[in-house]
Amino acid sequence: MTIKYLTGIVITTNLLMAHSAIAEDGGFSFPHELAYFSSEKQKEDQVNACLSSNVTSAKGTMTVDELRAFCNEVKPDPLHQRRALEKSAENNPFALIPYKPNYILPVTYSQGSTEPYKGIDEECDFDDLEIKFQVSLKYIVAEDFMTPGFDVQLAFTSVSWWQAYNSDSSSPFRETNYEPEVIFQYSEPWDLFGLPVAITALSLNHQSNGQSGSLSRSWNRVIGTLAFAHDDIVWAVRGWWRLPEDEKLTPDSSQGDDNPDIEKYLGYGDLNMVWKLPYSHSLDFKLRNNLRSDNKGSIQVGWSFPLSKHLFGYVEYFNGYGESLIYYDQNISRVGVGFRLTNWL
């Protein structure tokens with residue numbers, strides 16, 4: 001293995017070793033000690049989130065002790081606990097609310113195809129080792145709009161694949177996917193054939209890779225989401241309808257559909273699950289299938305574990321179609337290790 005392949009591994013390993021060395025220093029007390037992530041500490045965080053989100057809406061005659069007693073008895077599911085924490089940050093003009101997880105994987109390995117790029121650069125030479133990172137934020141435009149529990153939100157997510165160790169090719173950003181959304185979310189529970197629906201959402205979604213010519217990929221969707229919570233397991237079903245686009249008059253035209261067959265590979269929805277484990281560990285899964293006789297799908301598995309109060313280690317594995325828009329029609333396997341700044345829950 002060449003030196004440039006080892007560089008990313010060394011960076012991540014050194015950071016993890018430095019963290020372990022600091023943790024072993026008996027002269028200090030650090031928040032990543034197991035007691036910090038115990039069920040008692042998590043319960044305390046739930047109570048504080050409940051207090052923060054209800055203090056302004058509580059009856060004027062309710063005392064702080066009465067409100068605390070109420071919050072101690074409430075057992076929110078992870079979805080509503082997250083919403084309570086988001087509401088507590090809404091009045092802070094300096095707070096940005098995470099949407100999807102924010103993470104960086106300094107080391108990812110995948111034997112990706114160069115086929116999409118050969119029409120642009122016949123000598124393209126990409127490394128199998130690259131950095132992947134995601135930035136995802138949202139803004140609550142209107143809370144309890146027209147009815148309690150109905151929010152209007154704006155969200156933006158970008159995912160980048162960076163050939164940082166490929167100095168021979170000037171370390172380019174190989175691919176970036178941009179995904180702005182307008183989300184209409186209803187957070188009051190209701191029953192669907194006996195299943196308690198915790199979150200209902202409808203979103204207008206655009207996703208593209210910002211490229212032009214033969215590298216351009218994009219689509220627009222209306223996405224419906226139903227989320228369910230049971231103890232420490234949350235799962236969500238998404239279904240989407242792609243907004244139709246005109247066909248391209250010529251392959252090089254900037255007008256028209258860049259990827260008319262994308263639904264043959266990415267299908268019409270996905271299934272997502274997050275499992276909160278003890279001591280702030282969590283597993284998350286994403287499954288997708290095109291539900292056709294010519295079967296194509298994908299699976300993504302992630303594991304996060306605490307390194308400090310607000311920093312998590314993160315391991316991710318992906319196999320299938322649609323890891324990125326440029327590879328929507330190619331079967332890709334990727335494994336990566338790095339850090340999460342924010343989690344799903």
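What follows draws every value from the coordinates through simple rules; no lab data is involved. Here the structure is a predicted model, which is why all the values come from computation and not from measurement. Counting neighbours? That spans all protein chains shown, and the Cβs are built from the backbone with ideal geometry, glycine included.
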- prompt: What distance in nm separates the simple spin-label points at Ser170 and Ser158, each placed 7 Å from Cα in the Cβ direction?
  reply: 1.9
- request: Be a star and scan region 142-173 for residues whose amide nitrogen sits under 15 Å from the point 7 Å along the Cα-to-Cβ vector of Glu188.
  value: 143-152
- prompt: What's the exposure ranking of Tyr268, Tyr99, going from fewest to most Cβ atoms within 10 Å?
  reply: Tyr268, Tyr99
query: Using 0.36 nm per residue, how much length does the chain from Glu143 to Val315 gain when fully extended, once their Cα-Cα distance is taken away?
result: 58.5 nm
field: Extension reserve of the Glu90-Leu204 stretch, reckoned as 0.36 nm per residue once the Cα distance is removed
entry: 38.8 nm
Rounded to whole Hz, the Karplus (6.51, -1.76, 1.60) HN-Hα couplings of region 317-331, x for glycine and proline: 10, 10, 8, x, 9, x, 4, 9, 5, 5, 10, 4, 10, 10, 7
- request: Mind giving me the nanometre distance, one decimal, between the label points for Leu277 and Glu73, set 7 Å out from Cα along Cα→Cβ?
  value: 3.5
Rg to Rh quotient for region 92-197, alpha carbon positions, Kirkwood Rh: 1.17
Calculated from backbone phi, Karplus (6.51, -1.76, 1.60) coupling profile of region 265-282 in Hz, x at Gly/Pro: 10, 9, x, 10, x, 8, 10, 10, 9, 10, 10, 7, 9, x, 6, 6, 7, 8
- prompt: Just how many % of Cα pairs in region 98-342 lie over 22 Å apart, if you round to the nearest whole percent?
  reply: 59
- line: Projected convex hull area of region 84-136, Cα atoms, direction-averaged, in nm², equals 6.1
query: Quick one: length gained pulling Asp231 to Asp261 fully straight, 0.36 nm per residue minus the C-alpha distance?
result: 6.9 nm
Coordinate range along principal axes, alpha carbons of region 168-228, Å, largest first: 57, 23, 17
message: List the residues, sorted by chain then number, that are 5 or more residues from Ser218 or on another chain and whose placed amide H is less than 5 Å from its amide H.
response: Asp258, Asn259
- prompt: Per-residue HN-Hα couplings for region 201-215, Karplus 6.51 cos²θ - 1.76 cosθ + 1.60 at θ = phi - 60°, whole Hz, x for Gly and Pro?
  reply: 9, 9, 9, 9, 10, 10, 9, 8, 10, x, 9, 10, x, 6, 8
- prompt: Under a point spin-label approximation (7 Å from Cα along Cα-to-Cβ), what is the Asn295-Asp252 distance to one decimal in nm?
  reply: 4.2
